[in-house]
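One structure is given here, and the rest of the page talks about it.
The values are calculated or read from the model by the stated rules, or taken from the named source; none is laboratory data. Quantities reported herein were computed from a predicted structural model and do not represent experimental measurements. For neighbour counting, all protein chains shown are included, and Cβ atoms are generated from backbone atoms with ideal geometry for every residue, glycine included. Note: areas computed on protein heavy atoms with side chains; ligands, DNA, RNA excluded. Shrake-Rupley method; radii C 1.70, N 1.55, O 1.52, S 1.80 Å.
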Amino acid sequence: MNRLLKCLLWSGVMAWAIAGGGCRRAGPVLRLYNWADYIKPELVQRFEREQGCRVMLDTFDSNEALYAKLKAGATGYDLIFPSSYMVAVMRHQGMLQPIRRELIPNLSHLDPAYARYTADERCEYSVPYMMSNSGLAYRRNRVPDFKPTWAMFDRQDLAGRMTMLNDMRETIGAALKFLGYSLNTTNEAELASARDVVIRWKKNLAKFDNEQYKNGIASGEFLVTHGYNGDVLQVMTENEDVAYALPREGVSIACDEMAIPMGAREVELAHAFINFLHDPAIAAENAEFTCFLCPNLASYELLSEEIRHNPAVFLPEDILARSEVIRDLGADNAKYIRVWDQIKAAE
Amino acid sequence: MKTAPSSVREPPARRPDRWRSHEWIVTLPSLGWLLALFIAPTLIVFSIAFKPADLFGGVGPGWTLDTLRSLGNPNYPAIVWRTLWLSLATTAVCLLVGIPCGYYLARAPIRWRNTLVMLTVVPFWTSFLVRIFAWKHLLHPEGPVRRVLTALGLCDSAATLLYNPGAVLLVMIYTYLPFAILPIYAAAEKFDYQLIEAATDLGATRWRAFRSVFLPGIRVAIFTAVLVVFIPCLGSFVIPDVVGGPSAEMIGNKIAQRAFSDRNLPHAAALSALLTLAVLAPLIVAWGARNRSGRRAVPVQEAS
């Protein structure tokens, strides 16, 4: 009997330690699911202090990974950061909660010029976070005769030192732009010619890659890479030889948005965080850190010259006119999958 | 060795017909574990392969054979072949290197032996992923290996060491070699080397004694080494992803693509099922071979 009592006592102690003893700071916990290096850590800490809460950050590396995880039933995230096409899919699937605009007074600062690039112009289910585009990163002193065009991937003197994104829509999209087609095309003939272009480029590529190209271009392993503007600009602050260029044929533009998934526990805190990030001063500070464009009109005048007048962040009109947002194609996605399979299998 | 060799080799006496109930009870937790966390999930994966896919990454209602038919995709044979040859080559090299390593480990003086075994295991203290990234730095176009090779005139300055099937093979061999050495060492340590002396006394050369006495003596360990290298190789995903180039995709990468970017779970499940069956086939062969070799009183007769 004595032993049983002891046992009970100890399990009680353990339960207390696990349940309460572990977290010393009281208050709610906001769980974010975001891309890596996509928010200034000091701002998160400021929000924690202001709201008396804790923020936990988990990261994903592709919209598909985010979607697959939530679709498989993952819960516990209060705020997620999918790109607009994925917002459309998730909204269609009933995976998002409606946004309560009255809790986000800073929505008034949103730049209407970028609304057409989002999935949800009226911010019913999502609020724009950052605008990105994908172009070319290159080493200034190592690439002779660089030209801002997707045709760089045809350069045989750079064979084995170039990468393209391991993302069928981005990479096939680059070839479609190169050929002068829409990167949302569903025309079989256009897709077939884009396929042949990527297969031709592939002979000069070291690999298809979404993450390691940043280290690769910084270390000189790669000389030309296909990548996202903010990621490359972040590398550029550390390595002066790296530069970013927008191919003249046009690029893909994406808007990453903030959305509250079904099953979120801290819904009001999530709204407060969206509002916090769209405070003009905060938005500017965050944009300076991430080197992406936060479509917050009032924040623009607070940006440094480097960002405000950077064509890689604020695209010039002529490039913008030739650029497009990747849209979810529903059943026609299968055409891209088929083409991507053929590209991957080609020798 | 005081005991006669033949009695050492003899399998322990088994009486399967007289299993008592408490033995069942003792086995129950591990059986339950296997059933709930291995067999049931495998069967679920198999069944998803017969379900239709929906456009949004879900599994549709009803049953279909469409996914199985789509395995006839003309792009697959190249990937299957690449997966197979990389796995077979890795296994072969791991055995070629692992057998002499295991042999010399077992024959090393006792004061060295523990250190050497330790050195074999030390890589496991570092995360698998970190070690693969270390290879990326070694093989970097401006890295140390490349500089040495260029200085020796062994490769020209335009050749790339990374992002080709050769790099995948190299890193796979590096990763799986300890898994081949350890079981071989364990068996070689228990091997009775007086048998080799006896063979040489009877006129066999050292090579002949090694081949006809030592190798059959550690046969079970060789099978184990083949299994623990070949099976994980077939399912490789991270290594071709990190050091492989645009043409180094293996089945594991295709499964990841189907599950994530293509949002097609049934197709991913069908490929996984194919992989499971491919893994089971050598396992069954090995199991049969092992049973046969277990029943024989091995080396003495074969060496004569």
Quiz prompt | When residues of segment A:327-341 are limited to those that are open to solvent by less than 20 Å² (accessible area, probe 1.4 Å) and either at pLDDT 95 or above or of a type in the set (A, V, I, L, M, F, W, C) (or both), the one farthest from A:Ser132 (Cα to Cα) | solution = A:Val339
Practice problem: Please name all residue pairs, on different chains or six or more residues apart, with Cβ atoms under 8 Å, provided the first residue is in segment B:256-269 and is within 9 Å of chain A (Cβ to nearest Cβ) and the second residue is aromatic (Phe, Trp, Tyr) and outside any helix (DSSP H, G or I). | Solution: B:Arg263/B:Phe56
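Results for (1) away from chain B (no Cβ under 14 Å); (2) in contact with a Lys or Arg (Cβ under 7 Å, 6 or more places away or on another chain), shown as yes or no for each residue.
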| position | (1), (2) |
| --- | --- |
| A:Asn34 | yes, no |
| A:Val55 | yes, no |
| A:Ala65 | no, no |
| A:Lys69 | no, no |
| A:Pro82 | no, no |
| A:Tyr85 | no, yes |
| A:Gln97 | yes, no |
| A:Cys123 | yes, yes |
Quiz item: Looking at segment B:249-286, which of its residues are open to solvent by 20 Å² or more (accessible area, probe 1.4 Å), part of a loop (DSSP other than H, G, I, E, B) and of a type in the set (A, V, I, L, M, F, W, C)?
Solution: B:Phe260
Exercise. Consider B:Pro183 carefully, then state whether it is under 29 Å from B:Ala278 (Cβ atoms), surrounded by fewer than 21 Cβ atoms within 10 Å (Cβ to Cβ) and touching a residue at least 40 places away in the same chain (Cβ under 8 Å).
Key: no
Self-check item: Top-ranked residue of segment A:197-212 - restricted to ones that are in a helix (DSSP H, G or I) and surrounded by 16 or more Cβ atoms within 10 Å (Cβ to Cβ), ranked as farthest from the other protein chains (Cβ to nearest Cβ)
Solution: A:Val197
Quiz item: Do we have A:Ala264 as touching a Lys or Arg at 6+ places or on another chain (Cβ under 9 Å), open to solvent by 10 Å² or more (accessible area, probe 1.4 Å) and either part of a helix (DSSP H, G or I) or in the same structural domain as A:His109 (by TED's automatic domain parsing) (or both) here?
Solution: yes
Quiz item: Which numbered condition trips up B:Arg211, out of (1) farther than 30 Å from A:Asn204 by Cα; (2) part of a helix (DSSP H, G or I); (3) of a type outside the set (S, T, N, Q); (4) touching a residue at least 24 places away in the same chain (Cβ under 8 Å)?
Solution: (4)
Practice problem: Could you please find all residues in segment A:292-347 being of a type in the set (Val, Ile, Thr) and closer than 30 Å to A:Pro105 by Cα? | Solution: A:Ile307, A:Val313, A:Val325, A:Ile326
Quiz item: Inside segment B:45-69, can you point out the residues that are within 14 Å of another protein chain (Cβ to nearest Cβ) and of a type in the set (A, V, I, L, M)?
Solution: B:Val45, B:Ile48, B:Ala53, B:Leu55, B:Val59
Exercise. Give the residue that is nearest to the other protein chains (Cβ to nearest Cβ), with candidates limited to residues of segment A:156-170 that are touching a residue at least 60 places away in the same chain (Cβ under 8 Å) and in a helix (DSSP H, G or I).
Key: A:Met168
Quiz item: Would it be correct to say that B:Leu195 is part of a loop (DSSP other than H, G, I, E, B) and farther than 18 Å from B:Val229 by Cα?
Solution: no
Quiz prompt | Per-region count, segment B:103-161, residues within 14 Å of chain A (Cβ to nearest Cβ) and polar (S, T, N, Q) | solution = 2
Self-check item: Candidates A:Glu190, A:Glu221, A:Glu240, filtered to the one that is more than 10 Å from chain B (Cβ to nearest Cβ), at negative phi and part of a loop (DSSP other than H, G, I, E, B)
Solution: A:Glu240
Quiz item: What is the residue count in segment B:72-124 for residues that are in a helix (DSSP H, G or I) and more than 30 Å from A:Val339 (Cβ to Cβ)?
Solution: 35
Quiz prompt | Condition check for A:Thr185: touching a residue at least 60 places away in the same chain (Cβ under 8 Å) and of a type in the set (S, T, N, Q) | solution = no
Self-check item: Unique match (being hydrophobic (A, V, I, L, M, F, W, C) and in contact (Cβ under 8 Å) with a residue 40 or more places away in the chain) among B:Leu55, B:Leu28
Solution: B:Leu55
